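Here the structure comes first, spelled out in structure tokens, and everything after it is commentary.
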Amino acid sequence: MLPHQQIELKLQAAVRTVLPDADVAAVLVRPCDAKFGDYQSNALMSLAKVRRLNPRQLAADTLARLDVADLCSAVEIAGAGFLNFRLKPAVLAQTLEAAARGEHLFFDRTAAPRTVVLDFSSPNVAKPMHVGHIRSTGIGDALQRTLRLLGHPVISDNHIGDWGTQFGKLLLGWKQILNREALRSDPIAEMERLYQAINAECDASPARLEEAKAELVKLQAGDPENIALWQEMIRLSQVQFDTIYSRLNVKFDQALGESFYNPQLAAVVADLLARGLARESEGAVGVFSDGTLPPREDPFLVSRDGEWIPDPALVRKSDGGFNYMTTDLATVDYRLKTWAPQEIVYVVDDRQAGHFKKLFDVFARWKPEAAKTTKLVHVGFGKILGDDGKPFKTRSGGTVKLGDLLNEAEERAFQTVSEKSGDLPEAQRREIARVVGLGAVKYADLLPNRQSDYIFSWDKMLALQGNTAPYLLYAYARIRSIFRKSEAESALRQAPGAIVLAHPAELALARHLLNFGLTLEAVAGEYRPNFLCNYLFELAGQFTGFYENCPVLKAEDPATRTSRLALCDLTARVLKLGLETLGIETVEQM
RNA sequence: GCAUCCGUAGCUCAAUUGGAUAGAGCAUUUGACUUCGGAUCAAAGGGUUGGGGGUUCAAAUCCCUCCGGAUGCACCA
């Protein structure tokens, strides 16, 4: 167990003896500004507040019951009632030595695993994956990696858009205007063309729209020809998905598309009707407000002309068809029955926040028992903008296809690598460029707080300085080169010596290494990979300070050299694992 | 119109239960080293956290209000 956790447990026990009724779950120990110490707790101030106690007195009483002499050199009460802890350097060194022996890497697997269904990526059949998919896919994958690393069982599920009204138009196009040659060379582009052409015709001609609807009805009724064509469209799309996911190194446990839930949709609606949760209105069936919330907070009401009117969650259209609310409800039901998760997490565009608010509300009313044990979470994210501040498009104004984007990233990275390391063989430069280019795109997407929009910039994400993937990869490669040069790695692994933290830069680096686990927990707790990005960037910065001030291979004595090599190795391992957790590979040389 | 999210340095962004003097990178200026990888590092300037009010020992964070932006508002997903 890491030192801060030991302190935290002891502090919680001390608080319990002083305030037996207190909820100590909020009594946390967190890293703090180095001038105050290594760790800090500010929990006593809020505990004192609600009890109208003097916070400094409470801190003093708690401190009297707290024995952390084995871990800390001093505990201070500061300011309004902060507790500041300073680790003994020996404790710091011992923690690093245990890591050097491979006993841990500054994080613990969770003591309270939670089963999480992670729903992300969700591309559509017959459409190209575009730049927008990088967000859901990248954030979702980083979250699944983080949760797994911490020991939580994860079921990642790609809820592919393989059903819906668009197939009426696609089928009509396929039967009437399909270009076989184009389909062979670029199936996704051809299917997209079919959809766009027919869609435009339908907008202009109601008769054409009726034709498309007729194809859809046939498909829904199980017409063998339409089913076969639909399956062919899915198969062709799957080839594209597989290619992209393979490049991005993203894996799913499940890929149960919308069509998987078709057989359950009628039963879902019947059940909602039978329970009195849904009712018919204007020929459609919807779930309406239950009046328990004030109108402003009620997701089923909307204001029009100064009046609150119903804004139901429709589960059946007036033509008898179902929509995505119905599918999502059936999906929740299936996931509950199949995996009994504690959480279902949807990594989906923030624009759908309203939909999820309704979905979660209907779920709570539909399955009140399950709602007590299963938390539904919408992990939303903002848009990617061009440097004009408008949604990111190609120069001609079209959608940026994900495959093209990845190609360009690799190409740009290749040019830089060739410029800087032209002496490496081309195959190696290609491989470096692949890792750097893809890493740059992923990292740039994970770095900003996910809820805000961000501006896409090749120059910034591929820059070798600043908070970028290339910088972190370079930091890693630089450490690795020390070992290449010294051939000291095997010796280090065989006989890890004592770690001596004498220089301030060594201490600072060591402290930062210890915070890796806290960072991972924060990522998993708030579904925010950017915490890990910033942690790694800071780690690289701390390493630089160490590297500038503390000669490693030229250290003054063998013991110092061994100790510093161990610090290098631990830093490299955390960088590598951290990047891996973000879905980013590393290279030994660049 | 109503709702949601957002507004932080010239630009792009951070800020982990409300915590101590709001931090990085870019850009700008200055400096270091015939380099354990210069694809480097160090330093400086730059802020009334959109405005105003409130709660609190403590507010970028919570509440109210105004301004500005994005998004969403039954039978597309």
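Each reported figure results from applying straightforward, stated rules to the coordinates on display, with no laboratory input. Computed from a predicted model, the values in this text were never measured in an experiment. No Cβ is skipped: glycine too gets one built from the backbone with ideal geometry, and neighbour counts run over all protein chains shown.
Numbers below:
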read-out	value
Chain lengthening between A:Gln428 and A:Asp33 when straightened (0.36 nm per residue, less Cα-Cα)	138.0 nm
Phi to ³J(HN,Hα) by Karplus 6.51 cos²θ - 1.76 cosθ + 1.60 over the stretch A:314-328, Hz, x for Gly, Pro	6, 10, 8, 7, 5, 8, x, x, 9, 10, 6, 5, 4, 4, 5
Peptides ranked, highest mean first, by Cβ atoms within 10 Å: ranges A:351-361, A:267-277	A:351-361, A:267-277
Pairs of alpha carbons in the stretch A:258-381 whose separation is greater than 23 Å (percent)	31 percent
R0 of 30 Å, Cβ-Cβ distance A:Thr17-A:Ala80: FRET efficiency to nearest 0.05	0.85
Calculated Rg and Dmax of the stretch A:367-520 using C-alpha coordinates, Å	21.2, 65
Base-10 log of normalised Debye intensity for chain A (one unit scatterer per alpha-carbon) at q = 0.09, 0.10, 0.11 Å⁻¹	-0.87, -1.02, -1.16
Sequence ranges A:15-27, A:502-514, A:207-219, ranked by mean other-Cβ count within 10 angstrom, highest first	A:502-514, A:207-219, A:15-27
In nm, spacing of pseudo-spin labels at A:Glu369 and A:Arg304 (7 Å Cα→C-beta vector)	3.9 nm
FRET efficiency, 1/(1 + (r/R0)^6) with R0 56 Å, evaluated for A:Asp186 and A:Ser73 via beta carbons	0.25
Extended-chain gain in nm, criterion 0.36 nm per residue less alpha-carbon gap, A:Ala502 and A:Ile227	91.9 nm
Cross-link reach list, lysines versus A:Lys357, counting only Cα pairs under 25 Å and skipping chain neighbours closer than eight places	A:Lys317, A:Lys337, A:Lys367, A:Lys372, A:Lys375, A:Lys383
Separation of the A:Arg247 and A:Thr544 label points, Cα + 7 Å toward Cβ, nm	3.1 nm
Efficiency of FRET from Cβ geometry, A:Ser418 and A:Val377, R₀ 45 Å, rounded to 0.05	0.55
Column: log10 I(q)/I(0), Debye, Cα scatterers of the stretch A:166-248, q = 0.14, 0.16, 0.20 Å⁻¹	-0.49, -0.62, -0.89
Near-label residues of the stretch A:1-20 by backbone N, under 18 Å of a point 7 Å along Cα→Cβ of A:Ala90	A:3-4, A:7
Label-to-label distance, nm, for residues given as A:Asp108 and A:Asn179 (7 Å Cα→Cβ offset)	6.3 nm
Coordinate range along principal axes, alpha carbons of the stretch A:3-87, Å, largest first	30, 23, 20
In the stretch A:26-60, the trypsin sites (Lys or Arg not before Pro) that fall in loop regions by DSSP, at most 10 other Cβ within 10 Å	A:Lys35, A:Arg52
